[in-house]
Amino acid sequence: MLLAIETSCDDTGVALFDGQQVVAEVVYRQPVHASYGGVIPEWASREHEIRLPFAVLEVLEKAHLTWKDLQVLAAAQGPGLLGSLLIGFTFARALAAAHRLPFIGVHHLQAHVASLELGEKPIVYPLVVLVATGGHTHLFRVTHPLEMELLGRTQDDAVGEAFDKVAAFLGLPYPGGPEIEKLALTGNPFAVSFPMPRTAGPWDFSFSGLKTAFFHARERHPDLPIQDLCASWQHAVFTYLVQKLIQAAQTHRIPRIGLVGGVAANQYLRQLLAQASTETHLELY
């Protein structure tokens, strides 16, 4: 039984994994950041320090386990917010030492990619995987859960970060992604046309231009329903992501693709990617 700790940003996550499935998990949110439109790193670190001991005890209680049932501890070691990572990593190593258990430091993005193994259908390698989160937007060529080659990454904002900044501009709560998705549900995704960004690397990303284009569109079309503006911008951003992922897979002649990360929860993105993968005969995980 493995006990894992995740503190790469503002959520305090603790889980128990038996080698096949997640046995129990606890996630403590930090609503204190919502009023400020983004994560305050110092506050996030302090909240992790306060909540971690309770989260560990709670997850053990949920699974009806004790320390004697554990064989190994693991914690995220990066990338992420340095202070938050340090709290979780140090806490986990101290627990491992106290209970004489082996300790594993986990690469945050590698863990996102490996999470595909928890899906219902077995993964066939290689595949091209898009990691889309609040802090990262990366394309990887993956040949094994622990072996991946970076193909491209964002050159400025991460996609989730861009959503948060656009939402803050509109006065919407943090995190902004779900708020924009809600507004976009009743909007016209073709009301406004946004330019596709260009980058030096073929598989790199850039969202600063799309973000600025949204601000300008809001100024140029003050009477346009906000639902239409959000739907159009969301469509442009996700079309851009999907095109990059599909093209990377085709160029590298890999017939399989995957999508992971918090942004993957967006249903419109999932719909666009499912449609594109069907049209291009790529297997989607």
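We did not get these values from a lab; they are worked out from the coordinates using the rules stated. A quick note: this is a predicted structure, and the numbers were derived from the prediction, not measured. Glycine also receives a Cβ, built like all others from the backbone with ideal geometry; neighbour counts cover every protein chain displayed.
Assorted remarks:
- Note on Lys121: aspartates and glutamates with a C-alpha under 12 Å away, same-chain residues under 8 apart excluded, are Glu283.
- Around the amide H of Ile104, modelled in the peptide plane, lie the amide H atoms of Leu73, Ala74, Ala75, all under 5 Å away and 5 or more residues distant in sequence or on another chain.
- Share antiparallel - DSSP beta bridges, the chain, percent rounded to 5: 60
- Evaluated at q = 0.13, 0.15 Å⁻¹: base-10 log I(q)/I(0), Debye formula over Cα of the stretch 2-107: -0.43, -0.57
- Low-density loop positions, trypsin sites (Lys or Arg not before Pro), the stretch 118-203 - DSSP coil, at most 12 other Cβ in 10 Å: Arg198
- Note on Leu224 and Arg253: with the Förster distance fixed at 41 Å, the Cβ-Cβ geometry gives a FRET efficiency of about 0.45.
- Evaluated at q = 0.14, 0.18, 0.27, 0.28 Å⁻¹: base-10 log I(q)/I(0), Debye formula over Cα of the stretch 182-247: -0.41, -0.65, -1.16, -1.21
- Rounded to the nearest 5, the antiparallel percentage of DSSP beta bridges internal to the stretch 49-200 is 70%.
- The stretch 238-271-the stretch 20-40 distance, computed between alpha-carbon centres (Å): 25
- GNM result for the chain, Cα springs below 10 Å: residue of Leu146, Leu241, Leu127 fluctuating most strongly: Leu146
- Stokes-Einstein D in µm²/s, Kirkwood radius over Cα pairs - the stretch 54-187 at 4 °C with 1.567 mPa s viscosity: 73
- On full extension, the segment bounded by Val27 and Met196 gains 57.2 nm, given 0.36 nm per residue less the C-alpha separation.
- Calculated from the structure at hand, Cα extents along the principal axes in Å is found among (i) 123, 39, 32; (ii) 88, 45, 33; (iii) 61, 45, 32 as (iii).
- Integer Hz, Karplus 6.51/-1.76/1.60 couplings in order for the stretch 183-193, x for Gly and Pro: 5, 5, 4, 10, x, 9, x, 10, 5, 10, 9
- Here the Debye sum runs over all C-alpha atoms of the stretch 99-139 as equal scatterers in vacuum, and log10 of I(q)/I(0) at q = 0.16, 0.29, 0.31 Å⁻¹ comes out as -0.55, -1.11, -1.17.
- Full extension of the chain segment joining Thr239 with Tyr36 gains 70.1 nm, where the gain is 0.36 nm per residue of separation less the Cα-Cα distance.
- Take the Cα of Gln267, go 7 Å toward its beta carbon, and none of the backbone nitrogen atoms of the stretch 106-139 fall under 11 Å from that spot.
- Highest-fluctuation residue, Gly171, Gly135, Gly37 considered, GNM on the chain with Cα pairs under 10 Å: Gly171
- Nitroxide proxy distance, nm - points 7 Å out along Cα→Cβ at Glu149 and Phe215: 3.8
- Ala191 long-range amide H proximity, modeled H, under 5 Å: Ser232
- Translational D in µm²/s for the stretch 139-242 (Stokes-Einstein at 37 °C, 0.692 mPa s, Kirkwood Rh from C-alpha pairs): 227
- Among His99, His136, His107: highest mean-square fluctuation, GNM of the chain, C-alpha pairs under 10 Å: His99
- Here's the list of aspartates and glutamates a cross-link from Lys182 could span, going by alpha-carbon distance under 14 Å and ignoring same-chain residues fewer than 8 apart: Asp164, Asp228.
- Between helix 41-63 and the chain: long-axis angle, C-alpha atoms, 0 to 90°, nearest 10: 60
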